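Note sheet for the following structure.
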Amino acid sequence: MTKYGSFPGARPRRLRTTPAMRRMVAEHRLHPADLILPAFVREGAAEPVPISAMPGVVQHTRDTLRKAAVEAVDAGVAGIMLFGVPEDAKKDAAGTAGTDPDGILQVAIRDVRAEVGDDLVIMSDLCLDEYTDHGHCGVLDADGRVDNDATLERYAEMAQVQADAGVHVVGPSGMMDGQVGVIRDALDQTGHEDVSILAYTAKYSSAFYGPFREAVGSSLKGDRKTYQQDPANLRESMRELALDLEEGADMVMVKPALPYLDVLAKVADAVDVPVAAYQISGEYAMIEAAAEKGWIDRDKAILEALTGIKRAGADMILTYWATEVARGL
């Protein structure tokens, strides 16, 4: 053996020597078509309303929402997920504004569809929490508990009015048992066979939703632990996945993203349908807050977080940075 025999022959660093080399051998790449922009539209707003816990994100007016949709198309973003924020006076125990054809979400769907047509996949949040005076994702029974099956009837109505308004994809996010099957039946029976379902398959009861509550003007009393998943559980997500697929889900989602990358990877390995992950409000807020204090490099942190979600198996990522990142890509 020569005096050089102790040096390594295999040197992974050779493939990291230059930016061009690293780019060439990159195993995962973000693309604008991977990204979906969540957007909030506030009923009666004359100008955009900033969300204090989510710097740079607003509750849109109808006009600024249309503009945001056009900007997303121009940047190459794949889709937009719409959330309605009704006037407080229109909230009630049954979430009636959520099934009113002239409710803010249905109006917003029509606005965006008229503005961008099929150039952007228009998605809608199918849930009652924005519209109920108690803030839960379903109707309550006499004991104040969320009534699963009564809520399914409301979801079926919501699916119909959102599809009538022109949505391409509905996103049932309430975590009611059987919601995908009921919604699929409601869509099919009303001539909306082409409307897809993005199932919120693994939606965890997370501490990271805090800023979102401000974004939608939530009236929540209590918590959602009886229907959203326990952060301790993984096998439960796989059971939810099997049920959603059996009921007709076209796509499935894990929410939140970063704290549940293990769940995302397991779901992605198990299915042959597209998989989405939602980089939620708390994930957004943490990066923005740390960057504002100068603790991290904002742009690099955003891309690193999104790449991690992509690497874990997401085909699509819902992120409030969608348009900004797509422009950069």
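The values are calculated or read from the model by the stated rules, or taken from the named source; none is laboratory data. A quick note: this is a predicted structure, and the numbers were derived from the prediction, not measured. No Cβ is skipped: glycine too gets one built from the backbone with ideal geometry, and neighbour counts run over all protein chains shown. Calculation scope for accessible area: heavy atoms of the full protein, side chains included, ligands and nucleic acids excluded. Shrake-Rupley method; radii C 1.70, N 1.55, O 1.52, S 1.80 Å.
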Verdict on LYS225 being of a type in the set (Lys, Arg), touching a residue at least 12 places away in the same chain (Cβ under 8 Å), out of contact with any helix residue (DSSP H, G or I) (no Cβ under 8 Å at 6 or more places or on another chain) and surrounded by fewer than 17 Cβ atoms within 10 Å (Cβ to Cβ): yes
Top-ranked residue of region 112-163 - restricted to ones that are under 20 Å from the mean Cα position of the chain (by Cα) and among the acidic types (Asp, Glu), ranked as nearest to ILE317 (Cα to Cα): ASP125
Residues that are of a type in the set (Lys, Arg) and modelled with pLDDT under 95, drawn from region 82-123: LYS90, LYS91
Pairs with Cβ under 6 Å, 6+ apart, first in region 97-110 and more than 13 Å from ASP125 (Cβ to Cβ) and open to solvent by 10 Å² or more (accessible area, probe 1.4 Å), second in a helix (DSSP H, G or I) and modelled with pLDDT of 95 or more: THR99/GLU157; THR99/MET158; THR99/VAL161; PRO101/VAL161; ARG110/ALA165
Hey, SER52 touching a helix residue (DSSP H, G or I) at 6+ places or on another chain (Cβ under 8 Å) and open to solvent by 60 Å² or more (accessible area, probe 1.4 Å) or not: yes
Unique residue being in contact (Cβ under 8 Å) with a residue 60 or more places away in the chain, within 18 Å of the chain's Cα centre (by Cα) and surrounded by 13 or more Cβ atoms within 10 Å (Cβ to Cβ) when the list is ALA75, ALA94, ALA33, ALA68: ALA68
Every pair of residues 6+ apart whose Cβ atoms lie under 7 Å, when the first sits in region 199-213 and is at pLDDT below 85 and open to solvent by less than 20 Å² (accessible area, probe 1.4 Å) while the second is part of a strand (DSSP E or B) and not charged (D, E, K, R): none
Top-ranked residue in region 137-163 [being assigned to a loop (DSSP other than H, G, I, E, B), touching a helix residue (DSSP H, G or I) at 6+ places or on another chain (Cβ under 9 Å) and open to solvent by 10 Å² or more (accessible area, probe 1.4 Å); ranked as farthest from LYS203 (Cα to Cα)]: ASP141
Selection status of ASP185, modelled with pLDDT under 95 and touching a Gly at 6+ places or on another chain (Cβ under 9 Å): no
Residue check for ASP88: out of contact with any Pro (no Cβ under 8 Å at 6 or more places or on another chain) and more than 29 Å from ALA207 (Cα to Cα): no
Subset of region 245-259 [open to solvent by less than 30 Å² (accessible area, probe 1.4 Å) and under 18 Å from SER124 (Cα atoms)]: GLY248, ALA249, MET251, VAL252, MET253, VAL254, LYS255, PRO256
Residue within region 226-245 that is within 18 Å of VAL182 (Cα to Cα) and β-branched (Val, Ile, Thr) present: no
Single residue of region 79-91 satisfying the filter (open to solvent by less than 30 Å² (accessible area, probe 1.4 Å) and outside any strand (DSSP E or B)) that is farthest from THR319 (Cα to Cα): LYS91
